[in-house]
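S.K.: Structure provided below as structure tokens; questions to follow.
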Amino acid sequence: MRKCITMLVAVLVAGLAMLVLATAVLARPQSVGISGVEPDTLSSELGGTLSIYGSGFTTQTLARLRGYNVLATTFVNDSLIQATVPARAPAGIYDLVVSASGAFTSAAGDMAELPAALTIVAATPIPTSPPAPTPKPAPPPGRPVLAIRNYSVEPSRVVVGREFVVTIEIYNTGSRAGENTIVTFPGGTFLPVGETGHLLGQLHINHSAVVTQRMRAPAGMASGSYNLRVNLSANDWEGSHFEYPETVGVEVIGVGHGRPRLVIDAARTRPAILGPGDAFSLTLELANRGNRTATGLLLGVAAPDMAAPASGSNVVAVEPLGVNRTAVVTLSLVLGQVAEAGRLNLDVVLDYADYQGGAYSDRQSVGLEVSTALEDRPQLLLESYEIAPDSLTPGEPFTLTLVLSNVGGGDAQRVTLTLGGDGGRDLGPFAPVTSGNVRFVARLGAGDTVTVVQKLIVDGSAEPGAYSLPISLAYDDARRTRHVDEQRISLLIRRRPHLHISFFRPVYGAIVGESFDLPIDVTNIGRTLVNVSTVEIVSEDLEIHDGSMYFGPLDGGTTGSLEASAVAQEGGTAELVVLVHYLDDFEQAQTITQTLTVDVEAPLVDETPVEGTVEESAEESEGGFWDKVLNLLRGLLGLGS
């Protein structure tokens, strides 16, 4: 008894140490992980196969029972491996360790561990104190039995060097359900493409499941029938593992020895020299320099942006071409809008096969002579444009005048000018009025110009700024090839300030030779800020003093005032001009002017009475007094002074 207790304590201490070590290992960042093991109990006498679930598994991954040994490990996929525990393994509780590289080093991320993952029970129970445990009833006999009931291969005859798909139906003909049923394609004669393992889970008695796998037939195989290996495996509910290796037949069409080889012996175009947008014919002379007949020949152009088909497709089919035979193929194409001139390469793709099932693909190049000169082709250019009025403001109409010139060497036919680019998709804040956004010119000869006028209006909600307006030009050349070009002009929208400029009180008593006040108010009656710099008063009729003042920015609804003084040299109506200097939305200096008027009185004349006319002078003096009173009242009432 004491010996048993000592052994039990030793096992507990060892288990605790392993648990601490496992915790330290699992705390590190890992690239491989374990999420579960099935079954978790095996018999020491029989052993069995473990299904280990997790992540990061590779073909080099190995499993190990700590304190026992490394297990024979089979890779299924990156989240499932299988490990075999041999019979007569010592009974005990084992920690499961998995190494991604199979080296079981201490490198970070190389290993993962699951403590107490497997219990191996002894074949004969260890005697304990009475009462003895009641023996378990013997399990009923039986096992799952897996077989391939049906299969198909697509295509039915596999060509070497190509992929094919095999579909198999797995059927359980046994007397127990299959647990953790797995189908794997280990490769060998054929190469699997993608995942090679398929986990079906539980497969009940007399039930079936369908598995599909993509494979590839390696190059160099001879014609014939080959076996494709398929491994079926499953556990029963007690954890016993069973494997059923199977094969299915695949018919292969080999290439044997030799192959057809196609080359382009000659190539020519008509016309010989091509221009951007030209329609042309490309004639190719093909020759078979191999030692087998070329079948199923398809010829096409690999660069549709450089040469597009003029009609039909850019691929043509050619009759079988025997050894040392030639064939002439003509393609109708249109050259793209290439910018470079000279000898340009055009890629041609050749796809063909042979009677033995071989498949081949070649890419070859032919040369095209391209000229971008304008001797015989039109080229349209927006030479100039004007707007009226000169300044564009939101909500106001304007007239856009475009001068279009043909700087090429050929006539341009059926010219269409579209404001806003193709379809008018980018007109921005500008809208056409009285007509659409497209203008038509029947013909524009080489060296000629034409003026196009379009009425537009600026959107009332447009923000100030510089707007780029695209203009699409489409026209035909002498070969009836349609050319499309897009050019741009810039339109500036400025916000016009709304200012009210006036006297903030009436100007009375302006007399020649005497100084009088000029009280000026500048009010921003708009909704947006105006960046006013200075306000200045100038006049040809008055001598102005203190007639300039810095205001600064004026918010909407705010007022700035300037009180200047002036002296008139002669009577009558004097004009003065108020200049408001400000910065517009483009930080450019602008000026708003307002003309105001002031009535200036002549100086009073000193009248002295003359002897002999005392009575008359008194009457005149009395009349002059009342005239002055009347003038004063008129001035106070704003009727003149």
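S.K.: Alpha carbon centre of the stretch 246-315 versus the stretch 320-352: separation in Å?
M.R.: Each part's Cα centre sits 8 Å from the other's.
S.K.: Could you give me the percent of Cα pairs per 5 Å distance bin for the stretch 262-370, shortest bin first, beginning at zero and ending with the bin that holds the maximum distance?
M.R.: 2, 12, 23, 24, 16, 11, 7, 3, 1, 0
S.K.: Once you charge only the Cβ atoms, +1 for Lys and Arg and -1 for Asp and Glu, what is the size of the charge dipole of the stretch 262-370 about its Cα centre, to the nearest 20 debye?
M.R.: With Lys and Arg at +1 and Asp and Glu at -1, about 240 debye.
S.K.: Related question: Can you give me the distance in nm between label points at ALA272 and THR434, each placed 7 Å from the Cα along the Cα-to-Cβ direction?
M.R.: Between ALA272 and THR434, the simple spin-label model gives 5.5 nm.
S.K.: Putting +1 on Lys and Arg Cβ atoms and -1 on Asp and Glu Cβ atoms, find which of VAL441, PHE398, LEU491 reaches farthest to the positive end of the dipole of the stretch 380-493.
M.R.: Highest projection toward the positive end goes to VAL441.
S.K.: Return P(r) of the stretch 322-449 (all Cα-Cα pairs; 5 Å bins starting at 0; whole %; ordered from short to long distances).
M.R.: For the stretch 322-449, the pair-distance distribution reads 2, 7, 11, 13, 12, 10, 9, 8, 7, 6, 5, 5, 3, 2, 1, 1.
S.K.: Compute and list, largest first, the equivalent-ellipsoid semi-axes of the stretch 380-493 from the alpha carbon gyration tensor, each √(5λ) rounded to a whole angstrom.
M.R.: With the √(5λ) rule applied to the stretch 380-493, the semi-axes are 27, 13, 11 Å.
S.K.: Could you sort 165-174, 444-453 so that the peptide with the highest average Cβ count within 10 Å comes first and the rest follow in order?
M.R.: Final packing ranking: 165-174, 444-453.
Here, each number is a calculation from the coordinates, and none is a lab measurement. Quick caveat: nothing in here was measured; it's all calculated off a predicted structure. Cβ sites come from the backbone with ideal geometry, for glycine too, and all protein chains shown count toward neighbours.
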